[in-house]
Amino acid sequence: MRKRKNIAVFIGLLCITISAMGQQDTTSYSPALSGNLERRGDLLYVDLRVDLTQFELDRNRSLTLTPVLMSGGMKQELQKILINGTTRQKAYERDLALENVEPVPYREIIKLSDSNKKEFLYTETVPFANWMSDVFLDVNELYCGCGGHEEATNTVPVAKYLQPMPPLVVYTQPEVETIKTRTDSWDAFLDFPVNRTEIRPDYMSNPAELSKIETALREIESDKNLTVNRIYMIGYASPEGGIAHNENLSKGRAESFRSYLQSRANFPSNIYEVEYGGENWQGLEKALEESTLDSKNQLLEIIQSSTDANYRKDAIKRFRNGAPYRQILTEIYPKLRKVIVKVEYMVRAFTVEESKALFRTRPRQLSQEEMFRLADTYEPGSREFVEVFDVAVKMFPDNKVANLNAAAAALSAKDYVKAQQYLLKADTTTPEYMNNMGVYYWNQGQTERAKILFQEAARKGVGAAQQNLQRINR
C-alpha cells in the first residue's frame, strides 16, 4: 500500500517538471496583417499593415515577421520586422551593446507594451521583374524559442498582385478605296550637248539614267495587278540664260524623252503627256540648303527677297564678284536640268492572303482598309500587328485615320513615344482620338486629364471609354 502511494507521488512530480520545461504559449492572438501590391512603372510597391492592437506576446518572447514575395519557384525576402516583449527587448538591447549578437538590418524593431499596441504601415519598393506578374505577398512568422517556449513558425498569405487589365484603345475602320490610284515618280538627270534637245543614250551619264527609268517602267508594265492611266514628263531648266530660251530647251528635251520612252515601252501613245516645269528655282533653294557653300545663306536671301527671275539671276552673278556663281554653275546647276517622269496607275483589290504576300514587297499597292484587315489576323500588340499599322502610316503619312490607328497600335505595345507622334497628326475632334489620348495620359500618370477625355469620349458613344473610366476610377 505504501509502495503504491510513492508511485503516485512520483508521477505527480513528473507532471510538474514537464509543465515547467514547456510553458504554455501565452500568445492569444497573431498580429492582424493586411496588405496591397501595386505596380507603378518599373517598380512594385509593397504596402503591409501590421495591427498590434489585439496582439498578446509573452514579455520574454519575440516575434520576427519576414515579408516574402513569391511566384512559382521564385521568391524575394524583404527586410524583417522584430517585435519584442518588454523583457526580451531589454535582453536584445543588452546583447547588442555587449556585441553578443550580430546586428540584423530590421526595417522595424518594436517593443510591445500596453502603450505601444497600435497599427503601423510597412512600405517597400522593389524593381518589377517579369516573374512578378502574378506575385503573392506572404509573411513568415517566427516565434523565438526563448522564455521557456518552443520555437514556432507560421506563414500568413497577405496579398496578391494581379496584372491590371490594360486600358482599351480603339481603332477607326478606314473607308474602302474603291479605285486605288497610285503615282510613282523618278528624276531623270539627262545630259545634253549645249543648246541641243535630242537624247544621246551613250552620252556622259545618260546610260545609267535611262536604264533606271526603263527598268522601272518594265516592272510596272509586267505587273498584272496594275493598269497604267498616264505617263507624263515635266521638264525643268536651270535658272541661267533667258527664260524663253530655257522653256524651249526644256520642252524640246522632254518631248525627246517621251519619244525615246515610246520606242522602248508598249504603252499606248495617247497616255503620254509633256509639261514645262519652268526654271528650277525651288530645286536651287533646296540644293543651296544642302550644300557646304559658305555664302549659301546670303544667296538664299537673294532668291527669297524677290520673285523677279531676272533680278535674282543678276544679283547671284554679281554677288562677291561672281565667285559663288561660278561654283554654283559647275556644282549645282547641272542637277537642276532634269525631267521628272511620273506614272499614274490603278491597282486592283486584294484578298487578305494576297495582302499578306504584297505587304513585304509592294505595300504601296495596298489600301488602308486592306492593311486594316491584314492587321486583324494578328494578335493585338504583337510585333506583326504593330508593324502593319506602322507601314500603313508610312504609306499614308498625312492621313488622320492612319495616324490614329498607328497610335492605337503603339499604345497597345506600350510604345508611348511613337503613340504621341502619331496622335499629333490624328483628328483631334473624334471620340476615338479622345479615348486613345486618354489612354496615353493614363499611362503617363496624368489620370485627371485622362478622366476628362474618357468622359467626353464615353458621352459621344465610345464604349471602351466608359470601361476605361470605370477602371481608372477603381
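The values are calculated or read from the model by the stated rules, or taken from the named source; none is laboratory data. What you are looking at is a predicted structure, and each value in this text was computed from that prediction instead of being measured. All Cβ positions, glycine included, derive from the backbone under ideal geometry; neighbour counts span all protein chains shown. Note: areas computed on protein heavy atoms with side chains; ligands, DNA, RNA excluded. Shrake-Rupley method; radii C 1.70, N 1.55, O 1.52, S 1.80 Å.
Quick check on my filter: what residues within the range 394-423 are closer than 23 Å to residue 353 by Cβ and either open to solvent by less than 10 Å² (accessible area, probe 1.4 Å) or touching a residue at least 60 places away in the same chain (Cβ under 8 Å) (or both)?
Matches in the range 394-423: 402, 405, 409.
Only residues that are under 46 Å from the mean Cα position of the chain (by Cα) and open to solvent by less than 60 Å² (accessible area, probe 1.4 Å) were counted in the range 189-210, giving 5.
Can you spot a residue in the range 372-380 that is in contact with a strand residue (DSSP E or B) (Cβ under 8 Å, 6 or more places away or on another chain) and surrounded by fewer than 22 Cβ atoms within 10 Å (Cβ to Cβ)?
Within the range 372-380, none of the residues are in contact with a strand residue (DSSP E or B) (Cβ under 8 Å, 6 or more places away or on another chain) and surrounded by fewer than 22 Cβ atoms within 10 Å (Cβ to Cβ).
Out of 153, 66, report the one residue that is loosely packed, with under 13 Cβ neighbours inside 10 Å, under 53 Å from the mean Cα position of the chain (by Cα) and either part of a strand (DSSP E or B) or at pLDDT 90 or above (or both). Matching residue, one of 153, 66: 153. Among the residues of the range 441-474, those identified as open to solvent by less than 70 Å² (accessible area, probe 1.4 Å), closer than 21 Å to residue 171 by Cβ and of a type in the set (D, E, K, R) are 456, 471. Scanning the range 325-343 for residues that are under 20 Å from residue 300 (Cβ atoms) and open to solvent by 10 Å² or more (accessible area, probe 1.4 Å) yields 325, 326, 327, 329, 330, 331, 332, 334, 335. All told, residue 177 falls short of being touching a residue at least 60 places away in the same chain (Cβ under 8 Å) and open to solvent by less than 50 Å² (accessible area, probe 1.4 Å).
Table: residues versus (1) within 12 Å of the chain's Cα centre (by Cα); (2) under 18 Å from residue 439 (Cβ atoms).
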| position | (1), (2) |
| --- | --- |
| 365 | no, no |
| 378 | no, no |
| 385 | no, yes |
| 403 | no, yes |
| 409 | yes, yes |
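Beta carbons closer than 8 Å, at least 6 apart along the sequence or on distinct chains, pair a first residue in the range 210-222 that is over 17 Å from residue 187 (Cα atoms) with a second that is among the hydrophobic types (A, V, I, L, M, F, W, C) and buried (at least 16 other Cβ atoms within 10 Å of the Cβ) for 221/228; 221/265; 221/267. The test for being touching a Leu at 6+ places or on another chain (Cβ under 8 Å) and either open to solvent by less than 30 Å² (accessible area, probe 1.4 Å) or free of Cβ contacts under 8 Å to residues at least 60 places away in the same chain (or both) holds for residue 161.
Residues checked against (1) more than 30 Å from residue 236 (Cβ to Cβ); (2) hydroxyl-bearing (Ser, Thr, Tyr); (3) touching a Cys at 6+ places or on another chain (Cβ under 7 Å); (4) not in a loop (DSSP other than H, G, I, E, B):
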residue: 126; (1), (2), (3), (4): yes, no, no, yes
residue: 141; (1), (2), (3), (4): yes, no, no, yes
residue: 146; (1), (2), (3), (4): yes, no, no, no
residue: 166; (1), (2), (3), (4): yes, no, no, no
residue: 169; (1), (2), (3), (4): yes, no, no, no
residue: 186; (1), (2), (3), (4): no, no, no, yes
residue: 192; (1), (2), (3), (4): no, no, no, no
residue: 204; (1), (2), (3), (4): no, no, no, no
residue: 207; (1), (2), (3), (4): no, no, no, yes
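When residue 99 is tested against (1) among the acidic types (Asp, Glu); (2) assigned to a helix (DSSP H, G or I); (3) open to solvent by 60 Å² or more (accessible area, probe 1.4 Å), exactly one condition is not met: (2). Against the condition within 30 Å of residue 442 (Cβ to Cβ) and either touching a residue at least 24 places away in the same chain (Cβ under 8 Å) or touching a strand residue (DSSP E or B) at 6+ places or on another chain (Cβ under 9 Å) (or both), how does residue 57 come out, does it pass? No; evaluated as a whole, the condition is false for this residue. For the range 102-123, the tally of residues that are assigned to a strand (DSSP E or B) and either out of contact with any helix residue (DSSP H, G or I) (no Cβ under 9 Å at 6 or more places or on another chain) or open to solvent by 60 Å² or more (accessible area, probe 1.4 Å) (or both) stands at 8.
Of the residues making up the range 447-463, none is touching a Leu at 6+ places or on another chain (Cβ under 8 Å), within 25 Å of residue 387 (Cα to Cα) and not in a loop (DSSP other than H, G, I, E, B).
Which one of these is assigned to a helix (DSSP H, G or I), open to solvent by 30 Å² or more (accessible area, probe 1.4 Å), under 27 Å from residue 221 (Cα atoms) and touching a residue at least 12 places away in the same chain (Cβ under 8 Å): 320, 360, 364? Of 320, 360, 364, the one residue that is assigned to a helix (DSSP H, G or I), open to solvent by 30 Å² or more (accessible area, probe 1.4 Å), under 27 Å from residue 221 (Cα atoms) and touching a residue at least 12 places away in the same chain (Cβ under 8 Å) is 364.
Restricting attention to the range 241-258, and to residues there that are without any contact (Cβ under 8 Å) to a residue 12 or more places away in the chain and of a type outside the set (A, V, I, L, M, F, W, C), which single residue is most open to solvent (accessible area, probe 1.4 Å)? Result: 248.
On the basis of being open to solvent by 20 Å² or more (accessible area, probe 1.4 Å), more than 45 Å from the chain's Cα centre (by Cα) and not acidic (Asp, Glu), does residue 218 make the cut? In short, no. If a residue has to be part of a helix (DSSP H, G or I) and either closer than 30 Å to residue 262 by Cβ or open to solvent by 20 Å² or more (accessible area, probe 1.4 Å) (or both) to count, how many in the range 274-299 make the cut? Total meeting the criteria: 11. Residues that are modelled with pLDDT of 85 or more and out of contact with any strand residue (DSSP E or B) (no Cβ under 6 Å at 6 or more places or on another chain) were ranked within the range 87-103; the one that is nearest to residue 60 (Cα to Cα) is 87.
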